[in-house]
Amino acid sequence: MTTAPPAEAPSRASLLTPSPTSAPVPEAAPLPRVRTVPLVVAGLIGAALTAYVWSAHGAKPAVLLLLGIGLGVALFHSRFGFTSAWRQLVAVGNGTGLRAHTLLLGTTATLFALIIGTGTGLFGSVPAPSAGPIGVGLLLGAFLFAVGMQLGGACASGTLFAVGSGQSTIVLTLGGFIAGSTLAAWQYGLWRDLPAFDPVLFSDGLGWFGSWAVTLVLLALVFLVARRVQARRNPPPVGTPPSARGALRRAVRGSWPLAAGALALAVLGGAVLLVSGGAWGITSAFSLWGSKLVGALGGSPESWAFWQDPKNAPMYSGPVLADKNSLTDIGIMIGAAVASAAGGVWTLHRGIPGRTAVAAVLGGVLMGIGARLAGGCNIGAYLAGIASGSLHGWIWGAVALVGTWAGLRLRPLFGLGNPKPGDGVC
């Protein structure tokens, strides 16, 4: 193993250079051939479903589905992760993923400030920030979610794009996620009145320009701290997915740089806000899907306090394919299937170890419960909250780091490994 010289704290001139790692970043392996059958099937499903949604529910839901497909393509091609980013940071001090988060958050915050600050919306929508209460539910929910994503192997967005790319283990995570979300909706009365303070938006006191400026300053501090941590710990590099040579082939088939993924996700997330009036979210759809299944099996979810709440009732009473988050969630899975098949890496994993399967289901259940308690996940609370200038998004992220630390200590109980300083990659 080639060892880099001891790193020093980054100077101003070194901020544009790669952060030090204990070994060179490995070169990407060549891509396999295009998986034609999955590519054609996913493409046909995407086209047919878009046509149906447009015909049955109008242009706005169809556009949201297309945006979801774009999100799935960007998530898969860039392998943009939240679970892995926090795991690599906490376990070995590699802040590459967290620094990519700051680019995604900063760009999204800029777009949100422009859209919400000017009141710009399409299809008659009125854009609004994502702000959540600050209390016990937020703290407990973010912690449980972070533990769950380390056991389940993926976050909310990661679960969807992994399922789309054929990862069978994550299908179990998704099943647990839906079950936990539904359980939390069913037992809404146990947690809806947990002590909490009202939401805090920076824009209420500073205006949208001030909120944007404060958010960017805080993100710059996070970026610098992540670099400093990596310089001191000199961790293994992040693994490089298979890729292709040439800009066009890499854009269509290969892996994208994390920065490109961050920018693409920010633009698409901004477009979701522009079209729907609300930020990109994921997990409320899981409560809806599970509750609809309970209803189809003879239950009465419409009588649950969660779905009688005026904020949630319209979602349950309407069709699933007209629900914003359901449309983007389904789109992410389709887009990831298209991208992974084009890259030749779509595959169904078989022979899942028993302990891994248990961890996947348990992790999904914890994430489903945690997301409902906290009012969102890594997308709906962390990304949308920070981009909206909401204090709850920052608290969610800080607590998620603590939950990640706890989750890493539980992973070995299920036969799951953690990155180590002596690894070739993390």
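The values are calculated or read from the model by the stated rules, or taken from the named source; none is laboratory data. The structure displayed is predicted, hence computed values, not measured ones. Backbone-built Cβ (ideal geometry, glycine too); neighbour counts: all protein chains shown. Surface areas here come from the heavy atoms of the whole protein model, side chains and all, with no ligands, DNA or RNA. Shrake-Rupley method; radii C 1.70, N 1.55, O 1.52, S 1.80 Å.
For the reader, a short list of remarks on this structure follows.
- Kyte-Doolittle mean at least 0.5, axial Cα span of 15 Å or more - DSSP H helices of the chain: 36-57, 59-78, 96-118, 136-152, 168-186, 202-233, 258-276, 284-296, 324-342, 354-374, 391-410
- Of the peptides 255-261, 50-56, 307-313, the ranking by mean beta-carbon count within 10 Å, highest at the top, reads 255-261, 50-56, 307-313.
- Sulfur and carbon atoms: percent of accessible area, region 299-355 [1.4 Å]: 62 percent
- The chain: most fluctuating residue of 240, 182, 108 per GNM, C-alpha cutoff 10 Å: 240
- If you model the chain as an ellipsoid using its alpha carbon gyration tensor, with each semi-axis the square root of five times an eigenvalue, the axes come out at 31, 26, 23 Å, biggest first.
- 222 nm mean residue ellipticity, helices alone, for the chain (DSSP H n ≥ 4; -39,500 (n - 2.57); rounded to 500): -20500 deg cm²/dmol
- Scattering profile of region 109-164 at q = 0.22, 0.25, 0.27 Å⁻¹ [log10 I(q)/I(0), Debye over alpha-carbon scatterers]: -0.86, -0.88, -0.93
- Gyration tensor (alpha-carbon) shape descriptor, region 144-271, a/c threshold 1.5: oblate
- GNM on the chain, alpha-carbon springs under 10 angstrom: the most fluctuating residue among 337, 156, 244 is 244.
- Average accessible surface for region 66-184: 26 Å² per residue, computed with a 1.4 Å probe over protein heavy atoms with every protein chain in place.
- For residue 135, the residues whose amide H sits under 5 Å from its own are 197, ignoring neighbours fewer than 5 places away on the same chain, with H placed 1.01 Å from N.
- Geometric extent, Cα atoms of region 376-426 - Rg, Dmax (angstrom): 14.4, 39
- For region 229-371, alpha-carbon Rg relative to the globular expectation (2.2 N^0.38 Å, N residues): 1.36
- If you count Lys pairs in the chain whose Cα atoms are under 29 Å apart, skipping same-chain pairs closer than 8 places in sequence, the total is 6.
- Between residue 198 and residue 352, the simple label model (points 7 Å from Cα in the Cβ direction) yields a spacing of 4.5 nm.
- Structure remark: mean-square fluctuation, Gaussian network model of the chain, C-alpha springs under 10 Å; the largest value among 372, 253, 232 belongs to 232.
- Highest mean packing first, where packing is the average number of other Cβ atoms within 10 Å per residue, the peptides 80-89, 135-144 line up as 80-89, 135-144.
- Distance histogram for region 299-354 (every C-alpha pair counted, 5 angstrom bins, percent rounded to whole numbers): 4, 15, 15, 13, 13, 11, 10, 13, 6, 0
- Averaged over residues, the count of other Cβ atoms within 10 Å places the peptides 325-335, 289-299 in the sequence 325-335, 289-299, highest first.
- Compactness index (Cα Rg / 2.2 N^0.38 Å), region 335-426: 1.35
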